[in-house]
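J.: Have a look at this one.
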Amino acid sequence: MAHHQRSGRADTRTTTLTETFGRLVPHLRPIMARLVLGGLCALLASVVALTIPRVLGWLVNTVLTGEGAASAVWLGVAIVALLGAFEALLIWLRRVFVISPTAGIETSLRLNLFRHLQQLPVAFHDRWGSGQLLSRSMGDLSLLRRWMAFGSIMLVVSSLTVIAGLAFMFSSSWILALIYLAGAIPITIRAFKFRTVFRDASRLSQDQAGDLATTVEEAVHGIRVIKAFGRGREALDGFHAQAQKLRDTEIHKARTLAGFMALVVALPEVTLGLGLFTGLWLTADGQLLVGDLAAFFATAAFLAGHVEGIGMLLGMTLTTKTALDRHYEVIDSPATITSPDHPRVPENPAGHLVMRDVSFTYPDAPGAANVVDGLDLEVRPGETMALVGGTGSGKSTLLHLVPRLYEATGGAVELDGLDVREYDVEALRTAIAVAFEDSILFSSSVRENVLLGARPQPGRTADDQLAEALDVAQAQFVHDLPDGVETLIGEEGLSLSGGQRQRLALARAIAAKPRLLVLDDPLSALDVRTEEAVTARLRSVLEGTSTLIVAHRPSTVMLADRVALMEHGRIKDVGTHSELLARSAHYRFVIAAGDEPPSVEEVLDTEDTATEGDPA
Amino acid sequence: MSGMSGVAGEDNIELGADDRRRVRRRSLRLLKTLAGPIRGRLAGTALLVLVSAGARATLPLLVAWAIDSMLPRVIDGDLAALGFVGGAYVATAITAGGLLGVYTWAAANVSQAMLLDLRLRVFRHTQLLSLEFHETYTSGRVISRQTSDLETLRELLDQGISQLVSGIAFVLFTAISMFILDWKTALVVVGAAVPIAIIFRWYQVRSELVYRESRVFSARVITTFVETMTGIRAVKAFRREAAGDEKYTDVAHEYRDNTLRSISLFGILQPVLMLIGNLTVAAVLLVGGFRVLDGSLAVGALIGLLLTAKRVFQPIEAIAMFYNSFQAATAALEKVSGLLEERPTVVEPARPQPLPAAEGAVEFKRAVFGYGDGPVVMEEFDLTIPAGQTVAVVGQTGAGKSTLAKLIARFYDLTAGELTLDGVDLRDLSQDDLRRAVVMVTQEAFLFSGSVADNIALGRPEATREEIVLAARAVGAHEFIESLPEGYDTDVNKRGGRVSAGQRQLISFARAFLADPRVLILDEATSSLDIPSERLVQQALERLLGERTALIIAHRLSTVEIADRVLVVHDGRIVEDGSPSELIAAGGRFTSLHQAWRDSLT
């Protein structure tokens, strides 16, 4: 819990600023005109801001010292008011130009990331905590918007202002200007080191913030376990340590910035001090006019704010750069499981599954033993095949290969004569419906959860489909919920019991009307009677639907036409239950026939009807 | 009656006057309690900001002083004056820059301290909140409260202190110097306070709504995101990508529109403030111009006044920016403080009764239970489980078996009556004592990020590796763990560490084994195990349960076999209670249950 650095990121390749920001260009191109206009407004506003004091001085000196008519005062007031209004207008315009398009880019990148994440294979999601992904989708992108709308523009404006200011300074006194400029050399040298340190710190803090979000997420999703073991303190301690680490990184980052900013603010002023020294001496010596000296320092005072601004904006730019790197790291992860360019459609869609020499190993563990290792298996159309094997024999992994949730690393998985990789992914997953061992339900109504994968069928209403699926899955309990099938079931259906969740997940798989039904021990939390009822109903309702079902109990197995025995990632034997019982010691060990009594609930349910009205 | 207590009504944007006042106060109070412990450092930072800003303001004055007073002396050959001026300038510059560095660092310290404080408070509090709360408040919201909401506070704190302090100081400074220069003109400038107050008020009312809305919308984006990513298998298997896209696009656009609204509001505030400032300068020119005409004001003085008036308004922008972040942060703190206001229904006692070594006797007396104010789930009952007894609880789905288990684990408290462990009311026990004594293995076996060993060690964090391996061996998990790429050190999120549901249950059994409690509760904890694994666990249980009190909820009769006593629960009542043999003889539900079992064995 929370003791580990666990974002799934790969080793990050260092990219340059240009490389990273270069990738924004396609997004920026359509809004370039508005960005430039925004920049021009900002620039013009800063020119107006510079002009107003001069105009004031000029007005007072010329207009008021003349014969001094009241109309002259009014004229002056009008000019100043107009300039003032113009400045305010420019500031307003700057925002109008840039805000909406940059917010547009932020949102489109956010949507893009989401879309891409949905396309990325399950294996990717196994490695990445959703908190880490969340931080990339929220914080990082809002940082980018602020940089585009404000940082980038102000960086350009401030830089131009400083360049213009320097020209001014050179016109006042080239010696003083050179001294001032000399101050830029140590700053530039320092800036290189600052860049490396600050960039690394900023990247680290963003990653740590993401990991912290993952911890928060896990602490919420795992709250029952934490409470059951009373590990609230340990969870807090872990979180505390992590949050402290983040704080330390943030402070380290701030100290790096602080050191650099101190230099950026102090050094130009120190060189100005030297300039003042020199300037006074030059002026005393008669080589420099007092007016030029005063003008030089007036410009310098004006530039100070912009120089400081450039320093801050440099920090912001680096932070944005690392945020963008994080964004592209996810975007660059290839969506390996995609539809082929020319997907094929099977000629005879009957639900015929064939696996030939199939192997699978987790993509980031190439050295490890294969989880599925040269496996052969066939499920004939309409057949129910039970998959039996010990814990960890690879059954669940195998099931994931069929709808391409994981991609087989060797061999071929074929459905109705076509390799699953030849299908359009969506068509493939329409043909196959899965009920997972953990029942994943979403925060919405029972109806929406059950009809999640259902397609409209001619002549049948959605209500019919829903009713049938609930009936087959023996999930009639939903009618007793406060709002029946419209009841919102909490996140992940938390307010339902394990057995209830499983039945809804099963109903969902049934409602999808697949050609091939893949059930990953979907009845484990059900009592055998319900399980039996479910399977019996399944057979009658889904006539012609092939089924691959992971089974742990003989009762399930006996409902299957054939049984495949899996061990160490291979199918060891295929046959009927009795055949396997007769010839396989491992099968007898795993399924332990005769050892299993009817479940408690089964007997009680029978009893319930028998002893009705008899308060025991 | 306020509808805004805790997280209730959290999604409301437009609030009645009373509710609004309540949530604002709550939010500000939270901010105050965060600032409280570090007010000394806050003041110190503010002081640093002041001195640094003061030093920087001095620099142009030094130049003016140099040109006006020192230059003539330098011309007279007083080179000491030259050195003095240059030196003073350099010293002030270093002070200004150095202090800027120091306060940037100090501000980060202060801001991070407050942030850490709040993070921990929210995390701790969320963990304390009862399951009832978590079952209705989605994880997405909790995450959003702990991530993006806290982020707004950070934005306020990072820049806020220097913006506010230097802004206000500068405005005050300049305004006072204006009064000294010419109080009549100063009055004109002070007059600008009226339109400024109006625009700020306008902004306050609107931004409060927009930012409140922003928290609701961002929580929606986050909730959708998190739910999609945690349920990605189902999303893919049922081809919900397009539908997910659509929903996410909706919430993301809603959020974007809100962001645009908030930025546009500030986009009006900022230029209007600038306009007011510039028009005030024009007004100063108007008033001053006529006074120059009638000779009551010197031209030079007017220039000085105009430039000062212009300068008064410069920092207003920084203050407006501060106010903007402040509005954003307080809106977020409204939500966070609401979460913090939620009282856990299961609370740790202030003065717990110590129970260093529990025996494990559990007793319900006249106990009644219902969720919150809802209907009664368990009707009044008495139940005594002596220490060391193994009790099997059987009954239909929804009969109340899990409820019984969760009561003993104190996931919930009784509505009425008493529940004691060794004679001590559960509500009087400290969390530490209770959890040392009572551990529950739930149906869902959640694994946390980290290694397999870490996950087992959850049962007893101080356990050595040997003890962890021993626990894994005991429940038959050792073999599969060893076969993982890095054995016990395999990260469950990485490198093929993904384990099946059955394997997760084994790990969670190992946890319980390691925890070694006096009272062990198993809530259908073997459902995903295959038969050999279950058999192993069963054997382990028989050893483990030796002198322990155990409550086992199971739907396999083989589990019942190892029990000393069986409870049959039906419709929220214990309808049969006795040793297996007694119940078999009694001719009730269990009799037929047992009969069916016998039949299946022959």
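The values are calculated or read from the model by the stated rules, or taken from the named source; none is laboratory data. Note that the structure is predicted; figures quoted are calculated from it, not measured. Neighbour counts are summed over all protein chains in view; Cβ atoms, including those assigned to glycine, are modelled from backbone coordinates with ideal geometry. Ligands, DNA and RNA are stripped out before the accessible areas are found, and what is left, the full protein with its side chains, is counted by its heavy atoms. Shrake-Rupley method; radii C 1.70, N 1.55, O 1.52, S 1.80 Å.
J.: Can you order the peptides B:76-85, B:60-69 by their average number of other Cβ atoms within 10 Å per residue, highest first?
T.: B:60-69, B:76-85
J.: At what distance in nm do the modelled label points of residue B:184 and residue A:190 sit from each other, each positioned 7 Å from its Cα along Cα→Cβ?
T.: Using points 7 Å along Cα→Cβ, the separation is 4.9 nm.
J.: Oh, and also: Can you work out ³J(HN,Hα) from phi for every residue in region A:36-43, in order, using Karplus 6.51 cos²θ - 1.76 cosθ + 1.60 and θ = phi - 60°, giving whole Hz and x for Gly and Pro?
T.: 5, 4, x, x, 4, 4, 4, 5
J.: Turning to a different aspect of this structure: Which whole-angstrom value gives the distance between the alpha carbon centres of region A:231-248 and region B:397-417?
T.: Answer, in whole Å: 31.
J.: Still on this structure, please answer the following. Could you give the nm distance between label points at residue A:369 and residue A:301, where each point is 7 Å from its Cα heading toward the beta carbon?
T.: 8.0
J.: Given Cα pairs under 8 Å that are at least 6 residues apart, what percent is the relative contact order of chain B?
T.: The normalised contact order for chain B reaches 15 percent.
J.: Under 5 Å between amide hydrogens, which residues at least 5 positions from residue A:572 or on another chain qualify, with H placed 1.01 Å from N in the peptide plane?
T.: It is A:565, A:566, A:567, by chain and number.
J.: What is the calculated FRET efficiency for residue B:245 to residue A:357, with r their C-beta to C-beta distance and R₀ = 35 Å, to the nearest 0.05? Could the numbers behind the result be given before it?
T.: Values: r = 37 Å, r/R0 = 1.05.
The pair residue B:245/residue A:357 has a calculated efficiency of 0.45.
J.: Can you tell me how much longer the chain between residue B:543 and residue B:14 gets when fully stretched, taken as 0.36 nm per residue apart minus their C-alpha distance, in nm with one decimal? If you can, show how the numbers build up before the last one.
T.: Working: separation 529, 0.36 × 529 = 190.44 nm, distance 6.12 nm.
Fully extending the segment from residue B:543 to residue B:14 adds 184.3 nm.
J.: Relative contact order (percent) for chain A, with alpha-carbon contacts under 8 angstrom and 6 or more residues of separation?
T.: Values: 833 pairs, mean separation 85.0, N = 616.
Relative contact order of chain A: 14 percent.
J.: Relative contact order, percent, of region B:17-341 when contacts are C-alpha pairs under 8 Å separated by at least 6 residues? Don't skip to the answer; put the middle values down first.
T.: On the way: 281 pairs, mean separation 100.5, N = 325.
It comes to 31 percent, rounded to a whole number.
J.: For region A:420-426, in order, what is each residue's ³J(HN,Hα) by Karplus, 6.51 cos²θ - 1.76 cosθ + 1.60 with θ = phi - 60°, in whole Hz (x at glycine and Pro)?
T.: 4, 6, 8, 7, 5, 4, 5
J.: Could I ask something else about it? I'd like the accessible area for residue B:308: 1.4 Å probe, protein heavy atoms, all chains in place, Å² to the nearest 10.
T.: About 10 Å², rounded to the nearest 10.
J.: Residue by residue through A:247-254, how many Cβ atoms from other chains fall within 10 Å of the Cβ on average? If you can, show how the numbers build up before the last one.
T.: Details: counts 8, 1, 1, 8, 6, 2, 1, 10.
What the average comes to for A:247-254 is 5.
J.: Report ³J(HN,Hα) in whole Hz for each residue of region A:508-519, in order, from the Karplus equation J = 6.51 cos²θ - 1.76 cosθ + 1.60 where θ = phi - 60°; Gly and Pro get x.
T.: The phi angles translate into 5, 5, 5, 4, 6, 6, x, 7, 10, 9, 10, 10 Hz.
J.: Given the C-alpha centroids of region A:95-130 and region A:147-217, what is the distance between them in whole angstrom?
T.: The two parts, judged by their Cα centres, are 28 Å apart.
J.: Could you compute how fast chain A diffuses translationally, taking Rh as the Kirkwood radius over C-alpha pairs and applying Stokes-Einstein at 4 °C with viscosity 1.567 mPa s? Give it in µm² per second. List each step's numbers first, then the result.
T.: Values: Rh = 30.5 Å.
The Stokes-Einstein estimate is 42 µm²/s.
J.: Could you rank B:516, B:422 by how accessible they are, 1.4 Å probe, largest area first? Mind showing how you got there, number by number?
T.: On the way: B:516 85, B:422 45 Å².
My answer, sorted largest first, is B:516, B:422.
J.: Then there is this: Treat every Asp and Glu Cβ in chain B as -1 and every Lys and Arg Cβ as +1, leave all other atoms uncharged, and give the resulting dipole magnitude about the Cα centre to the nearest 20 debye.
T.: Charge dipole, chain B, about its Cα centre: 2000 debye, nearest 20.
J.: Let me ask something else about it. Step through the table entries A:227/A:321; A:245/B:32; A:395/B:406; A:245/B:335, compare each Cα-Cα distance with 31 Å, and write down the pairs that go over it. All intermediate terms of the calculation are to be shown ahead of the outcome.
T.: Numbers: A:227/A:321 41 Å; A:245/B:32 25 Å; A:395/B:406 33 Å; A:245/B:335 26 Å.
Correct reply: A:227/A:321; A:395/B:406.
J.: Averaged over its residues, how many other protein chain Cβ atoms are within 10 Å of peptide B:241-249's Cβ atoms? If you can, show how the numbers build up before the last one.
T.: Numbers: counts 8, 3, 2, 5, 4, 0, 1, 7, 6.
Mean partner shielding for this stretch: 4.
J.: Next up: Taking Cα centroids, how far is region B:24-68 from region B:331-367 in Å?
T.: Centre-to-centre distance over Cα atoms comes out at 43 Å.
J.: Work out how much length residue B:64 to residue B:343 would gain on full extension: take 0.36 nm times their residue separation and subtract the Cα-Cα distance, in nm to one decimal. If you can, show how the numbers build up before the last one.
T.: Details: separation 279, 0.36 × 279 = 100.44 nm, distance 6.28 nm.
Value of the extension gain: 94.2 nm.
J.: As an exercise, identify the GluC sites (Glu not before Pro) in region A:332-412 lying in DSSP coil whose Cβ has no more than 16 other Cβ atoms within 10 Å. Can you show the working numbers first?
T.: Working: sites: A:347, A:378, A:383, A:407; in loops: A:347, A:383, A:407.
Within region A:332-412, the qualifying GluC sites (Glu not before Pro) (loop, at most 16 other Cβ atoms within 10 Å) are A:347.
J.: Would you compute, from DSSP H runs of 4+ residues alone, the mean residue ellipticity of chain B at 222 nm, taking -39500 (n - 2.57) per run and dividing by the full residue count, rounded to the nearest 500? Write down the numbers at each step before the final one.
T.: Numbers: 23 runs with 387 residues, N = 602.
About -21500 deg cm²/dmol.
J.: Let me ask you something else. Just checking the output field for A:289-298: average partner chain Cβ neighbours within 10 Å of each residue's Cβ? Don't jump to the answer; show the numbers that get you there.
T.: Numbers: counts 0, 3, 1, 0, 4, 4, 0, 1, 7, 3.
Going residue by residue through A:289-298 and averaging, the value is 2.
J.: Still on this structure, please answer the following. State to the nearest 20 debye the size of the charge dipole of the protein assembly as shown about its Cα centre, where the only charges are +1 on K and R beta carbons and -1 on D and E beta carbons. Provide the component values of the computation, followed by the final result.
T.: Working: 116 positive and 137 negative charges, 1027 e Å.
It works out to roughly 4940 debye.
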